[in-house]
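The values are calculated or read from the model by the stated rules, or taken from the named source; none is laboratory data. Since we're looking at a predicted model, the values are computed, not measured. Glycine gets a Cβ as well: all are built from the backbone with ideal geometry, and neighbour counts include every protein chain shown. Remember, those area values only see protein heavy atoms, side chains included, never the ligands or the DNA or RNA. Shrake-Rupley method; radii C 1.70, N 1.55, O 1.52, S 1.80 Å.
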Amino acid sequence: MSLLSIRNLRTEFSGPAGIVRAVDGVSLDVAPGEIFGIVGESGCGKSATCRSILRLFGGAPARVAGGQILLDGVGDLAAMPERALAQVRGREVAFIFQDPLTALNPTMRIGRQIAEVILRHRKVSRAEARQAALGLLRDVHVTSPERRLDAYPHELSGGLRQRVVIAMALALRPRLIIADEPTTALDVTVQDQILRLLRERCDSTGTAIILITHDLGVVSQVCDRMAVMYAGRIVETGAVREVLDHPSHPYTRALLAALPGQASRGRDLVPIEGSPPGLIAPPPGCRFAPRCRLAREDCGSGPAPGLLPRPGTAPGHLDACILSEVPDVAS
Ligand SMILES: Nc1ncnc2c1ncn2[C@@H]1O[C@H](COP(=O)(O)OP(=O)(O)O)[C@@H](O)[C@H]1O
Ligand code: SF4
Ligand SMILES: [Mg+2]
């Protein structure tokens, strides 16, 4: 059963040089309690995909141009008027951004900020909201939580600030949390603690998380399933172990091959040459064709290949390559 079903999502930015088709036909499903990772090079549409869910574009000239975003029991968020969607934000679906400072008000004490979120949506007293804020700080393992309630954001370390942001995201017990590179700005030890905290939360409450990252190590550590994006589209998806241990799309293979530490796993270390295509007028056919070592003449024409199961791969493991019909040809 899916908590979230995105179908054929298209999201556009209008820029000075034309319409940027940042997300161009993305479909994915997230189940309750699952951490779904989205990876891919910078600019491939990870953030645009996730920002489309709650239409949180931060004032950018963006719009959801097509597709459906079906949230179980709520309906199609893509078709929902702004006022109805505002009710979904925070309550059903919460967002954690990369930089905790942008999510926190620098002039307001931590305890009050968390309490405000609760007061806005629940009929509770100020004292009860403050008590709930304290409980949330405990939940996210903030040390000396009583004292932190009265701290301002700048008085906390980056790791503590991100815990506070997570506490705020958890405040209304959302069923889905979207975390856009939540640990990128943190050092490795803190990153590890935050990821463990998110994993713990999913396992204990059934909350689902979409975790955006450009770090395959992070995906490997905490995600259940994943999607690899390239130039506004998903090129491979499946269970994390399947995709990372048996990548089938040439782009995923190239990404993994370019990773340090993969040599011992028998893959040659070759950086991917070239850069992704522009998204104003992307080339026809497979968008990876100009960089693909296996490209054939017919790869560069017609519609972009859709996600298909490749013979011999595990159920739910799909990739978007015209070679999908040939068993393991890319080995
Ligand atoms: N505010 C904006 N205006 C115009 N284009 C944008 C804007 N934000 C992002 N884009 C474009 O949308 C595409 C996808 O961006 P994004 O979703 O941020 O990628 P990612 O999160 O994978 O790095 C990129 O080509 C980027 O240039
Ligand atoms: S469709 Fe062609 S160009 Fe694209 S990944 Fe597959 S082999 Fe490479
Ligand atoms: Mg991004």
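Does Gly111 satisfy being free of Cβ contacts under 8 Å to residues at least 40 places away in the same chain, more than 21 Å from the chain's Cα centre (by Cα) and outside any helix (DSSP H, G or I)? Answer is no for this residue.
Once region 97-127 is narrowed to residues that are touching an Asp or Glu at 6+ places or on another chain (Cβ under 7 Å) and closer than 25 Å to Glu181 by Cβ, the residue that is nearest to ligand 2 (Cβ to nearest atom) is Gln98. Could you tell me whether region 57-68 includes any residue that is touching a residue at least 40 places away in the same chain (Cβ under 8 Å), surrounded by fewer than 22 Cβ atoms within 10 Å (Cβ to Cβ) and within 22 Å of Met226 (Cα to Cα)? Yes - at least one qualifying residue is present in region 57-68. When the test is whether a residue is more than 16 Å from ligand 3 (Cβ to nearest atom) and either over 14 Å from Leu211 (Cα atoms) or open to solvent by less than 30 Å² (accessible area, probe 1.4 Å) (or both), Ser52 does not pass it.
When only residues in region 76-97 that are of a type in the set (Lys, Arg) and outside any loop (DSSP other than H, G, I, E, B) count, which is least open to solvent (accessible area, probe 1.4 Å)?
Of everything passing the filter in region 76-97, Arg89 is least open to solvent (accessible area, probe 1.4 Å).
Filter region 281-293 down to the residues that are open to solvent by less than 70 Å² (accessible area, probe 1.4 Å) and either away from ligand 1 (no atom under 15 Å from the Cβ) or modelled with pLDDT of 95 or more (or both) and list them by number.
Once the filter is applied, which keeps residues that are open to solvent by less than 70 Å² (accessible area, probe 1.4 Å) and either away from ligand 1 (no atom under 15 Å from the Cβ) or modelled with pLDDT of 95 or more (or both), region 281-293 yields Gly285, Cys286, Arg287, Phe288, Ala289, Arg291, Cys292.
Selection of region 96-107 for residues being in contact with a helix residue (DSSP H, G or I) (Cβ under 8 Å, 6 or more places away or on another chain) and away from ligand 1 (no atom under 16 Å from the Cβ) yields Pro100, Leu101, Ala103, Leu104, Asn105, Pro106. Pairs meeting the criteria (first residue in region 20-49 and under 14 Å from Leu216 (Cβ atoms) and open to solvent by 20 Å² or more (accessible area, probe 1.4 Å), second residue of a type outside the set (Ser, Thr, Tyr) and assigned to a strand (DSSP E or B), beta carbons under 9 Å, at least 6 apart or on different chains) are Glu41/Met229. Does Gly67 satisfy being at pLDDT 95 or above, away from ligand 1 (no atom under 16 Å from the Cβ) and on the phi > 0 side of the Ramachandran plot? No, not satisfied.
Considering only region 153-183, how many residues are without any contact (Cβ under 8 Å) to a residue 60 or more places away in the chain and of a type in the set (Asp, Glu)? Result for region 153-183: 1.
Would you call Ala127 surrounded by fewer than 22 Cβ atoms within 10 Å (Cβ to Cβ), at negative phi and not in a helix (DSSP H, G or I)? No; evaluated as a whole, the condition is false for this residue. Taken over region 34-47, the criterion of being in contact with a Leu (Cβ under 9 Å, 6 or more places away or on another chain) and within 19 Å of Phe95 (Cα to Cα) is satisfied by Glu34, Ile35, Phe36, Gly37, Ile38, Val39, Gly45.
Would you check if Pro182 is crowded, with 20+ Cβ neighbours inside 10 Å, within 16 Å of ligand 3 (Cβ to nearest atom), farther than 30 Å from Pro283 by Cβ and assigned by TED's automatic domain parsing to the domain that holds Arg122? Answer is yes for this residue.
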